[in-house]
Amino acid sequence: MSEVRVHNFAISLDGFGTGEDLTFEAPFGHAGHRLHEWYFATRYWYAHQGEVGGSPGVDNAFAERIDLGFGAEIMGRGKFGPQTGPWTDLGTEEEWCGWWGPNPPFHTPVFVLTHHERPSIEMEGGTIFHFVDASPTEALALAKAAAGDLDVRIGGGVSTLRDFLAADLVDVMHIVQVPILLGRGVRLWDGLEGLEQRYEIETVASPSGVTHMTFTRRQ
């Protein structure tokens, strides 16, 4: 049976999954890439850059699982880009297609939640961005239909993941707590008091300083 999963989702010690002041040049705002330095140091990341090196340890073991078994992804508009309001670049040479270049890393249908729908964008490598105005439950139904027997990934951003957790739609979640304090941005856990009662939680500390937390829905 397919599951709804979250993987490699990093937050700070004070619970922020992104910083303030997001721009085209700074997709995580003032946080920069500090939440993901552990990932960029893994052997998995080095290999995907065509390079040799990186850590083969516990961080790498989690990093390697990022693409396993997913048939569709759901993300919020803020993860796709920093724009808000109606789309203003449709049909132009500068049309925004996400931060990931012509061959995004998803390789599946991706459902982008937005109040301003637009035509789908087909990218290299099998990624198709669909822009839908839908509730978490409605979006998940679309993603499950596209994924078939494979799992659906909730890719973020922070508000989107929080909405899916509030709706009790996530089966398995891998959260990486990074030992930094951001002080401002978007916090994951707000409004989710008692969440731990729904999940079995396991933690693994890494020599890099991060803590991997795995939440598995209680049976």
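Which of the residues spanning region 34-64 are over 14 Å from Val210 (Cβ atoms), outside any helix (DSSP H, G or I) and in contact with a helix residue (DSSP H, G or I) (Cβ under 8 Å, 6 or more places away or on another chain)?
Those that are over 14 Å from Val210 (Cβ atoms), outside any helix (DSSP H, G or I) and in contact with a helix residue (DSSP H, G or I) (Cβ under 8 Å, 6 or more places away or on another chain): Val52, Gly53, Gly54, Pro56, Glu64.
Which residue is nearest to the chain's Cα centre (by Cα), if the candidates are limited to region 165-174 and must be closer than 15 Å to His7 by Cβ and surrounded by fewer than 22 Cβ atoms within 10 Å (Cβ to Cβ)?
Once the filter is applied, the top-ranked residue is His174.
Could you count how many residues in region 177-206 are of a type in the set (A, V, I, L, M), more than 25 Å from Gln219 (Cβ to Cβ) and assigned to a strand (DSSP E or B)?
The qualifying residues number 3.
Tally time: how many residues in region 1-20 are touching a Lys or Arg at 6+ places or on another chain (Cβ under 9 Å) and either outside any strand (DSSP E or B) or exposed (fewer than 15 other Cβ atoms within 10 Å of the Cβ) (or both)?
So the count comes out to 6.
Within the bounds of region 67-82, is there any residue that is in contact with a helix residue (DSSP H, G or I) (Cβ under 6 Å, 6 or more places away or on another chain) and either more than 16 Å from Leu161 (Cβ to Cβ) or of a type in the set (Lys, Arg) (or both)?
Yes.
What residue, among those in region 136-155 that are in contact (Cβ under 8 Å) with a residue 12 or more places away in the chain and surrounded by fewer than 13 Cβ atoms within 10 Å (Cβ to Cβ), is nearest to Pro27 (Cα to Cα)?
Of everything passing the filter in region 136-155, Thr137 is nearest to Pro27 (Cα to Cα).
Scanning for something in contact with a helix residue (DSSP H, G or I) (Cβ under 6 Å, 6 or more places away or on another chain), modelled with pLDDT of 95 or more and of a type outside the set (D, E, K, R), does region 139-150 turn up at least one residue?
Within region 139-150, none of the residues are in contact with a helix residue (DSSP H, G or I) (Cβ under 6 Å, 6 or more places away or on another chain), modelled with pLDDT of 95 or more and of a type outside the set (D, E, K, R).
The values are calculated or read from the model by the stated rules, or taken from the named source; none is laboratory data. Not measured: the values here are computed from a predicted model. So basically every Cβ, Gly included, is an ideal-geometry build from the backbone, and we count neighbours across all protein chains shown.
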